[in-house]
Structures are given as structure tokens and as C-alpha cells.
Number of protein chains: 2
Amino acid sequence: MSNRIITISREYGSGGRLVGQMVAEKLGIPFYDKKLIALVAQKSGFDITFIEETGEYSTTSSRLFNMVMPNLAIQSNYSPETMPMADKLQIIQGNVIRELAEKGPCVIVGRSADYILRHRTDCLNIFIYSDKDHKVERAIQHFGIDPEHVEKELAHKDKLRAKHYKHYTGQTFGMADNYHVSLDSGLLGIDNCRDVIVDIANRL
Amino acid sequence: MSNRIITISREYGSGGRLVGQMVAEKLGIPFYDKKLIALVAQKSGFDITFIEETGEYSTTSSRLFNMVMPNLAIQSNYSPETMPMADKLQIIQGNVIRELAEKGPCVIVGRSADYILRHRTDCLNIFIYSDKDHKVERAIQHFGIDPEHVEKELAHKDKLRAKHYKHYTGQTFGMADNYHVSLDSGLLGIDNCRDVIVDIANRL
């Protein structure tokens, strides 16, 4: 397996997180999701909830940051006092992701890891998405979201995530060519997504 | 295999056409590319070259057509005298694709077949794309395009194809959720793309 870092980007409610966890189990490599957030909390001192929300859903209004981020982000100890918290978090989060990738094969879910690790040649970047009906079903069953508000909640989360991704990467969330493989978990199902990804990882 | 109609959309130079042909061979089902164009020529009386170019790369300026097309397109004998040739071609092409899909399992390359067959539940829609370097190499080696102009030619073809797709489908070319599976043929290679698609088709 020459593409040993697997990043999983996903639509909210697509089951992408679970797919990532199952891929990591099958390949016997570390899975970074909550663990990644805990590491970012440790390094930054930020609250877990703040990291969960801000690290994927918020944007700063600073255009300047957006322009200079690629350079700042590779300096692991950059942390000026004047920088908005959301931007500081992005930098620390980026550094943690780069350090994890250095350590060895792993699966990383979300956090724009595909973009953060774009200069590496050993990543396999996956995008998991689904039709609305399957996402609604999953959000109600697995996240316990109120059926009455679920569609609005799904649309809201994906809108924020897309805005966040655009802001920090300059790319459009959901464009196939941001990734190496995109799979519709609604048609394929979660188990098939896992098997297809493991198969592709083993082929490379 | 419950998803028995496989549509292949592709970036120019990605090898998607070849992938489609190899998938059809492996599954032992008909492959429609040149054959589809010949059928459209037979039904429409249009020249093969006109169909090849106009059927995927041109747009009409008629906004009205764009709005009414979904309704027109399901009437197989609609052909008003006043309609621009490109639009007439789209309708005839759409009808031929729908008829082929009715006949049985097959692989159809390009021609917005994913969109034309969107109301069927037995399609597996694939998108094949690649990084620029692999597309340049393929365009020079397989299509004999002059290395001096190859990058411009690739960009031009993809731009026209995206414009055409947007015009006739209202969707953005290359967005993962237009398809069920998207594969980067640059990273995976043509043979792996074939094997992954055949594997997925057999799982469904």
C-alpha cells in the first residue's frame, strides 16, 4: 500500500465517518476523528466543543488570513496574538494532521485533511456523499435529530461545511477532482464503501 | 447486477472511454460510443462529425429550450421545424439513449447519459477524471495531439464539455454527486478503474 494516508471527506449524514472507522479497522491502521480533536485540544488549549464546531463549520472574515495561510500553516509554532481564534485553530489543526501523517499509515476523517496534506504523494483522498433520503434516515436514526427539523439541519450543516472548505482551501466542496475516489453511500451502502476503499488502497 | 445500465462521464484525456469499453467487455454487455453516434446519425440524418462535436461540445443560445427540454425530450417524435439543429440533435440523442437503456444492460459513454437516464433506478453513473499530467500524456500518445498545443486543447475541450453539460442539464460538470462513483484514473490507472467498476457493478 503506497498510498498509506487515507483521508475521508464526507457530507453530513452520509455515514462517511463510520466508513472511515471501518476502513481503518480492516486495514489495521489508526483512525483519527475524536482522537484528532483531542490532540488539537491538547496543543491549543481550546475546548473540545469549540474545535468540533469551529474546525469544520466556521470561517473567519479575514481575507488576509486566507491568502497567507498556506505559508503560515507550515510553521508549526506560528501563533500571533492578534489572529482570530478560528484561524489559530485551523493552523494548529493543520499541524496536528501533518504530524499524524508523518507518523505512519492512518485514516483521517474531515478537517480538510485532503487539502492540508495535498503536497504529499502518499495520500488516498476519499469523498463519501449520499442522496438526501439516505442522509435524512441516517441523521434521525444515528444522530437522533428531530425528524421535523432534519432536512433544514442537514442543509445547514453542509452549507457551513462547504463555506468553511472554500474559505480555507479555495476549492469547491464536493467537486470530484478534489479527491481520488468519490462514493455514493446511499446507493452502495456502508459495507460496500468500506470494501471498495480497502480494495483500492491495497491496489496502490 | 441490479444496476445494469452503466454510464461513463469523463474528462477529455482521462481514458474514460477506454475504461468504459473494458468494463463492457469484462461484463459481456454492449458498449455504446461510436455505435450510439451511428444510431443517432441514422435517426436524425445528421452527419457523424456534426454529432460527435455538437452532441457533447456545443450549446444553443435558446434559453427557452433549456427550460422546456425535460418535457420535450420524453416525446420521441417531437421535432419542430423552428428548433436549432443542436437542440434537435439533443432530443434525438436523448431518445436513442433511452431506447438503448430499455433494451438491456449496457455501458454508455458520454452524451450526458447520466442526466438523460436520471429517472431510472437501475443506472450506475461513473465519472472518470485525472490530473493534468496524465491527461496531457494520454492526449499526446493516444489522440496524437501536438505537444505544443496539448494543454490549451485539453482546457478548451473540458470547458466546452462543462458548458454543454450545464446548458442541457443545469448541473455542474465534475460535481461528485452527479454520479455514484468518481475515480481518478491518473492515480488508479486504467486497469484498476475497470476492476473497481466491475466489482461495484457486481455488488449491486
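Any read-out appearing in this document is the output of simple, stated calculations on the displayed coordinates, not a laboratory observation. Small disclaimer: the values here were computed from a predicted structure and weren't measured. Please note: Cβ atoms are built from the backbone with ideal geometry, for glycine as well, and neighbour counts cover all protein chains shown.
List of remarks:
- GNM flexibility winner over chain B from B:ASN178, B:ASN192, B:ASN125 (Cα, springs under 10 Å): B:ASN192
- Overall shape of chain A was characterised from the C-alpha gyration tensor. The equivalent ellipsoid obtained from it has semi-axes of 26, 22, 15 Å, in decreasing order.
- Loop sites by DSSP among the GluC sites (Glu not before Pro) of chain A, restricted to those with at most 16 other Cβ atoms within 10 angstrom, leave A:1-80 as the longest stretch without any of them.
- Over the protein assembly as shown, the hull volume per residue, using the convex hull of the C-alpha atoms, is 161 Å³.
- Candidates B:VAL107, B:VAL19, B:VAL136: whichever shows maximal mean-square fluctuation once chain B is modelled as a Gaussian network with Cα springs under 10 Å: B:VAL136
- Computed lengthening from B:GLN141 to B:GLN42, 0.36 nm per intervening residue step minus Cα-Cα distance: 32.5 nm
- Enclosed volume per residue, in Å³, of the convex hull spanned by Cα atoms of the stretch A:84-169: 128 Å³
- Two-decimal Rg/Rh across the stretch A:105-151, once Rg and the Kirkwood Rh are taken from alpha-carbon atoms: 1.16
- Spin-label proximity, B:LYS26 to the stretch A:177-204 - amide N less than 19 Å from point 7 Å beyond Cα toward beta carbon: A:180-184, A:188-189, A:192-204
- When each of A:LYS157/B:LYS166; B:LYS35/B:LYS163; A:LYS35/B:LYS135; A:LYS135/B:LYS166; A:LYS88/A:LYS159 is checked by Cα-Cα distance, pairs over 30 Å: A:LYS35/B:LYS135
- Equivalent-ellipsoid semi-axes for the stretch A:135-176 (Cα gyration tensor, √(5λ), whole Å, largest first): 25, 10, 7.
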